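The structure under discussion appears below in the form of structure tokens.
Taken together, the values in this text are just the output of simple stated rules run on the coordinates, not laboratory data. Just so you know, these numbers come straight off a predicted model, no measurement behind them. A quick note on method: Cβ atoms are made from the backbone with ideal geometry, for glycine too, and the neighbour counts reach across all protein chains shown.
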Amino acid sequence: MEERFEMFTLLLTSISRSIHKIKTEEMAEFNLKSSHLSCIYYLYKNKSLTAKELCDICEEDKANISRSIKHLEENGYLSCYSKTQKRYQCPLRLTERGIQVGKKISERLEQIMESASMHLREEDREAMYRSLMLISENLQQLCEKYDKKKSKFFLKNPLRRLKFPANS
């Protein structure tokens, strides 16, 4: 059991670090950060998304997505196409500049994914993704139990009623 835990966590950590490094290196060409890659990629694939939809697709929190959107908009990669809707519900689309970068990113990611799974047979790849999906769902269910425990603690915790000084 210990070996499974070690192998599982070490492999996932290694994969995560590699992905982050690849994202950082690939985005450097455009003077962008790794956090911008997902926004550009998913907008390129979907043509138009709201900030909320980007949060859901990228599994990022609202603050991170908002910072990325602000930077990408200020630098001409995307634009909000409605001034009447609330900012978070505004449909976002890539500009011509963003589309060019999105196309390059999409092509490059395809090459990277091919290289990363070079020695895998198609059936092995499918089994790997099915397994990862199942593991992810199981871990999410475990996390939900922790969230429920926290919310019960919060509801029962008398300390939550205390007001703390702003400058303590």
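Taking a straight line from the alpha carbon of K23, these aspartates and glutamates sit under 18 Å away, with near neighbours fewer than eight places off in the same chain left out: E59, E60, E107, E110, E114. Over region 15-116, the fraction of Cα-Cα pairs per 5 Å bin, rounded to whole percents and listed from the shortest bin up, is 2, 13, 25, 27, 19, 9, 4, 1, 0.
Charge tally for S35 (other residues, Cβ to Cβ under 9 Å; Lys, Arg +1; Asp, Glu -1): +2. Structure note, pairs K21/K47; K45/K104; K33/K70; K52/K145; K21/K103; K62/K103: Cα-Cα distances above 23 angstrom occur for K21/K47; K52/K145; K62/K103.
Under the convention that each Lys and Arg Cβ holds +1 and each Asp and Glu Cβ holds -1, the size of the dipole of region 15-116 around its Cα centre is about 380 debye.
Centroid-to-centroid, using Cα positions, region 42-120 and region 12-40 are 13 Å apart. As a length-normalised measure over Cα pairs under 8 Å and 6 or more apart, the relative contact order of region 15-116 settles at 27 percent. Each Lys or Arg adds one and each Asp or Glu takes one away; over the other residues whose Cβ falls under 15 Å from the Cβ of R121, this sums to -3.
Here the Karplus curve 6.51 cos²θ - 1.76 cosθ + 1.60, taken at θ = phi - 60°, turns the phi angles of region 26-34 into couplings of 5, 7, 4, 4, 9, 6, 10, 9, 4 Hz, with x standing for Gly and Pro.
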